[in-house]
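Student: Before I ask anything, here is the structure I am working with.
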Amino acid sequence: MSEKEIQVDKDMSSSEHNEQAQDVMPNGKALIPFLIFVGVYLGSGIIFELKGVEMAFYQFPAPLAVVLGVIAAFLIFKGKFEDKLNTFLKGCGDSNILMMCIIYLLAGAFTAVCKEMGGIDSTVNLGLTYIPMEYMAAGVFIVSAFISTATGTSVGSAAAVGPIAVAVADKTGIPMGMMLGCVLGGIMLGDNLSIISDTTIASTRSLGCEMKDKFKLNLWLTIFPAAITIILLMIFGRPEALVGVTEAANDYNIVKILPYIVVLITALMGLNVFIVLVGGVVLAGAIGLFYGDFTTIELLKTTYSGFTDMTDIFLLSLLTGGLAEMVSSAGGISYMLSKVKNLIKGEKSAGLGVSALVSVTDVAIANNTVAIIINGGMAKKICYKYKLDPRKGAALLSTFSTIFQGLIPYGAQMLILTSFASGKVSPLEIVPNAWFLFLLAISAIISIYIPFSDGLIRKDPWDYEREMPTSKVIKEDKLSGATT
């Protein structure tokens, strides 16, 4: 191994990671706190599921499961209590973790305000108004995808579109499994692609890349599976009877859809995500005030309720950051990396390794965002060691966590959709009809070996020493030159 390769192995991505990577001996026992966290979260879900409790895997608060892991870390790891506490706080206070948490709050506020002023209802009704009845299955897929992409939440989109999809299936004769499969595929498409979804936030912040770059890579991974899905639904998803679907048709306001469009466009333009989300909240709030959907004080309360809706993921990210720092300092991440390295030989196998890690984790804990947060640090190290572009690593993390989150029968999205059907359909009938998710998996795997989605990477390669795209390096050098 050359001196440069040894240095790359030690210097993974940031000064914080450098400190962790150097002189940390692999230690399998250091993973015990993580295993306790996952075991408690998974085990409680299984127990509640066996008892027949609805939303079984969401009964035990995930942040409390992390707290148990943190307590175990304090008890198991050697050293002074003050040192362990400082390590934990260092992880909680990591700039990426804190930025991620603030973005969660702003995204929650945006979603809550838009929902309160009728933005989601207008979007759904707009689609139902202009989609021909014979293409309703494809239309429901498209509407689900747009709403999820615009709002950044697959769970919220399932709640918005699910009841309508059930009504469409009842009135048209389209099989319930197919109709809900359309919704499931659409909402997971948006969850993966959306710039303001927690999966995008977690994956890009973990790997240190920009959301708009990850979006461009994900778009190429998504566009072909989406197009094929729409074509198949137009052919095989025709209803048996062409009847009126819903009284909501023509009941929409195009102005109330503007905040979603503005947020999407400004984010793609590269505007700072904080400005994008704050601007989205202000615009949605102004529209709601103009139409009398809420008063000023009600707007403020709705904004705050959006903050509180993100409490779980906020605390989860904060505490997991601290736990990950403790586990990493004790050699747990080094141990996992040493085991994964035996299976990874280069860039392509690194892509497969990152994809497999997040997929297995999501199957275990039934939460794609948590799966990304758990694997983000190790995925970043793999990317830097094997020269897998972090932007592609972020796209793979988001994509595969989303795929498996949609396919597992105990995921929140699946549970919500089946609850709307009132026992008329089971997850086993929905999963085979979630065609988009299977096509997306094929597309993502092919992209690892045939980099058809890597146009951005070829045009603007990643600078592993400066930890940013080459274009940004050139821009910063020019600015520093102008300053001096």
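Student: Among the residues of segment 50-61, is any over 20 Å from the mean Cα position of the chain (by Cα) and within 21 Å of Ile372 (Cβ to Cβ)?
Tutor: The initial filter retains those residues of segment 50-61 that are over 20 Å from the mean Cα position of the chain (by Cα), namely 50-54, 56, 59-60.
Checking which are within 21 Å of Ile372 (Cβ to Cβ) leaves us with 60.
Yes - at least one qualifying residue is present in segment 50-61.
Student: Considering segment 107-156 alone, what residues qualify as being crowded, with 23+ Cβ neighbours inside 10 Å, of a type outside the set (A, V, I, L, M) and either in a loop (DSSP other than H, G, I, E, B) or touching an Asp or Glu at 6+ places or on another chain (Cβ under 8 Å) (or both)?
Tutor: Answer for segment 107-156, where residues must be crowded, with 23+ Cβ neighbours inside 10 Å, of a type outside the set (A, V, I, L, M) and either in a loop (DSSP other than H, G, I, E, B) or touching an Asp or Glu at 6+ places or on another chain (Cβ under 8 Å) (or both): Gly108, Thr111, Ser148, Gly152, Thr153, Ser154.
Student: Here is a follow-up. Please enumerate the residues belonging to segment 374-429 that are basic (Lys, Arg) and within 26 Å of Pro461 (Cα to Cα).
Tutor: Matches in segment 374-429: Lys380, Lys381, Lys385, Lys387, Arg391, Lys392.
Student: Within segment 441-470, can you find the residues that are closer than 12 Å to Asp213 by Cβ and of a type in the set (Phe, Trp, Tyr)?
Tutor: Trp462
Student: Can you find even one residue in segment 59-74 that is at pLDDT below 80, assigned to a helix (DSSP H, G or I) and over 27 Å from Met326 (Cα atoms)?
Tutor: no
Student: State which residue is surrounded by the most Cβ atoms within 10 Å (Cβ to Cβ) when the search covers only segment 379-432 and only residues that are free of Cβ contacts under 8 Å to residues at least 60 places away in the same chain and part of a helix (DSSP H, G or I).
Tutor: Filtering first and then ranking leaves Leu396.
Student: Take segment 124-168 and flag every residue that is under 30 Å from Leu105 (Cα atoms), β-branched (Val, Ile, Thr) and over 24 Å from the mean Cα position of the chain (by Cα).
Tutor: The answer is Ile164, and nothing else.
Student: Conditions: (1) of a type outside the set (D, E, K, R); (2) at pLDDT 85 or above; (3) in contact with a Leu (Cβ under 8 Å, 6 or more places away or on another chain). Thr246 meets all but one. Number of the miss?
Tutor: (2)
Student: Being in a loop (DSSP other than H, G, I, E, B) and not aliphatic (A, V, I, L, M) is the filter here, so list the residues in segment 38-58 that pass it.
Tutor: Correct list: Lys51, Gly52, Glu54.
Each row is one residue, and each column tells you yes or no for (1) crowded, with 19+ Cβ neighbours inside 10 Å; (2) without any contact (Cβ under 8 Å) to a residue 12 or more places away in the chain; (3) over 30 Å from Phe74 (Cα atoms); (4) among the hydrophobic types (A, V, I, L, M, F, W, C).
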position	(1), (2), (3), (4)
Ile287	yes, no, yes, yes
Gly292	no, yes, yes, no
Thr320	yes, no, no, no
Val327	yes, no, no, yes
Gly331	yes, no, no, no
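Student: Would you confirm whether or not segment 464-476 contains a residue that is among the β-branched types (Val, Ile, Thr), buried (at least 22 other Cβ atoms within 10 Å of the Cβ) and either closer than 26 Å to Asp362 by Cα or touching a Lys or Arg at 6+ places or on another chain (Cβ under 6 Å) (or both)?
Tutor: no
Student: Does any residue of segment 442-450 turn out to be farther than 30 Å from Pro163 by Cβ and outside any helix (DSSP H, G or I)?
Tutor: yes
Student: Of all residues in segment 347-364, which are at pLDDT below 85 and surrounded by fewer than 20 Cβ atoms within 10 Å (Cβ to Cβ)?
Tutor: Val360, Val363, Ala364, listed by residue number.
Student: Here is a further query. Filter segment 437-472 down to the residues that are in contact with a Phe, Trp or Tyr (Cβ under 7 Å, 6 or more places away or on another chain) and either of a type outside the set (Gly, Ala, Ser) or at pLDDT 90 or above (or both) and list them by number.
Tutor: Of everything in segment 437-472, those that are in contact with a Phe, Trp or Tyr (Cβ under 7 Å, 6 or more places away or on another chain) and either of a type outside the set (Gly, Ala, Ser) or at pLDDT 90 or above (or both) turn out to be Ser443, Ala444, Phe452, Tyr464, Pro469.
Student: Moving on to the next point. Please find, within segment 173-211, the residue that is nearest to Tyr260 (Cα to Cα) out of those that are assigned to a loop (DSSP other than H, G, I, E, B) and hydroxyl-bearing (Ser, Thr, Tyr).
Tutor: Ser194
Student: For Gly332, state whether it is touching a His at 6+ places or on another chain (Cβ under 8 Å) and at negative phi. Please lay out each step first, then the result.
Tutor: On the way: touching a His at 6+ places or on another chain (Cβ under 8 Å): no; at negative phi: yes.
In short, no.
Student: A follow-up question, please. Please work out if Phe224 is among the aromatic types (Phe, Trp, Tyr) and closer than 22 Å to Ile261 by Cβ. It would help to see each step written out before you state the result.
Tutor: Working: among the aromatic types (Phe, Trp, Tyr): yes; closer than 22 Å to Ile261 by Cβ: no.
In short, no.
The values are calculated or read from the model by the stated rules, or taken from the named source; none is laboratory data. Just so it is clear, the model here is predicted, and its values are computed rather than measured. Neighbour counts are summed over all protein chains in view; Cβ atoms, including those assigned to glycine, are modelled from backbone coordinates with ideal geometry.
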